[in-house]
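Notes to accompany the following structure.
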Amino acid sequence: MKKPKLFDLVNYTFIALFSILCILPMLLVLMVSFTDEASIKQFGYQLIPDKLSFDAYKLLLFGNTPLYRSYMISIFITIVGTTAAVLMTGMAGYTLSAKHAKYRNHLAIFFFITMVFNTGLVPWYLINLQLGLKNTIFALIIPSLIFNPFNLFLVRNYMSQIPVSLTEAAKIDGATDFYIAFRIFFPLCMPVLATITLFYGIGYWNNWFNAIMLVDNQQLYPLQYLLFKLNSEINMIQQMQSSGVLSGTGTMPQESVKMATAILTIGPVVLFYPFLQRYFIKGLLIGSVKG
């Protein structure tokens, strides 16, 4: 058995220390979420809490806020929105990469312009109102459904590297563009499709802007917006207590609630990422350069 080289030992040691440094912040957030609020104010953030408390999780999970409903809404819009957005981006990428598609370069310029110029908030809001999305579940999906041009060009560049001979052979056999896209191109483009799936999934999961602009019904609040609203209310109560306007309500777990919020919201992303990690770097590198 070969002895490890000095270079390997140094590398392993460095990677181990770096991994610990990466884990420590997350561990600190977890421990602070279980720390008593008075202890946080007295001793600050600690890896080993002076006094344990579950008040933050009791407030988030068993308070007056419909957290479970919001969790289900966020999961639903993430799955549906991500699936639809990846499908649209994949089909658009195939169209822009197909040599036989007319005006594909003109369409590419059109999509590129949307990366550079933004029409603003007012037209965006008015269009969504005209579409009848106000206070519907679709208000949390459709406004973000229009694919990101960056993701589109990522997919197009990846598909452009697939040999044209595959398309020509399929067309000789009588295959349509839909058949070629779904049975040939998409299976070959799993790395880049998995990459944009991660982008879209994180975007939908963390999206609270659509809710604050288009949703007034509390039953439709996604998780991120509900937690944002709850933290704002806690901050307001804390300010009122410190100014003497409000008294007798007890100490609100402000800092521990913030950390508990981070733990609750990051969970699905942490579980989702490992399944796409093997595709992530490969999809970025291959899809971002012209081979």
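The values are calculated or read from the model by the stated rules, or taken from the named source; none is laboratory data. Bear in mind that the values here come from a model prediction, so they are computed numbers and not experimental data. When the accessible area is computed, the model is the full protein with side chains, heavy atoms only, and any ligands, DNA or RNA have been set aside. Shrake-Rupley method; radii C 1.70, N 1.55, O 1.52, S 1.80 Å.
Over all pairs of different C-alpha atoms, the stretch 177-216 has a mean inverse distance whose reciprocal, the Kirkwood radius, equals 12.3 Å. Calculated accessible area for the stretch 7-106 comes out at 63 Å² per residue, all protein chains present (probe 1.4 Å; ligands, DNA, RNA ignored).
Computed from Cα atoms alone, the Kirkwood hydrodynamic radius reported for the stretch 83-148 is 13.7 Å.
Amide H contacts for residue 207 (H built 1.01 Å from N in the peptide plane; partners 5 or more residues away or on another chain; cut-off under 5 Å): none found. Solvent-accessible surface (1.4 Å probe) assigned to residue 99 amounts to roughly 110 Å². Accessible surface for residue 124 stands near 60 Å², nearest 10, in the context of the full protein assembly shown (1.4 Å probe). In summary, the stretch 9-148 shows an alpha-carbon radius of gyration equal to 1.67 times the 2.2 N^0.38 Å reference for compact globular proteins.
Using only alpha-carbon positions in the stretch 130-243, the gyration tensor eigenvalues give semi-axes of 45, 16, 9 Å once each is multiplied by 5 and square-rooted (largest first).
Phi-derived couplings, Karplus 6.51 cos²θ - 1.76 cosθ + 1.60 at θ = phi - 60°, listed residue by residue for the stretch 197-204: 4, 5, 4, 5, x, 5, x, 5 Hz, with x used for Gly and Pro. Computed with a 1.4 Å probe over protein heavy atoms only, the accessible area of residue 55 comes to about 70 Å². Using Cα centres only, tell me the gap between the stretch 95-150 and the stretch 24-68 in whole Å. Here the two parts' Cα centres lie 41 Å apart. Computed over protein heavy atoms with a 1.4 Å probe, the carbon and sulfur contribution to the accessible area of the stretch 9-114 reaches 75%.
Please work out the ratio of the alpha-carbon Rg of the stretch 71-208 to 2.2 N^0.38 Å and round it to two decimals. Working it through for the stretch 71-208, the quotient is 1.17.
Annotation: aspartates and glutamates with alpha-carbon distance below 20 angstrom to residue 102 (same-chain offsets under eight excluded): 168, 177.
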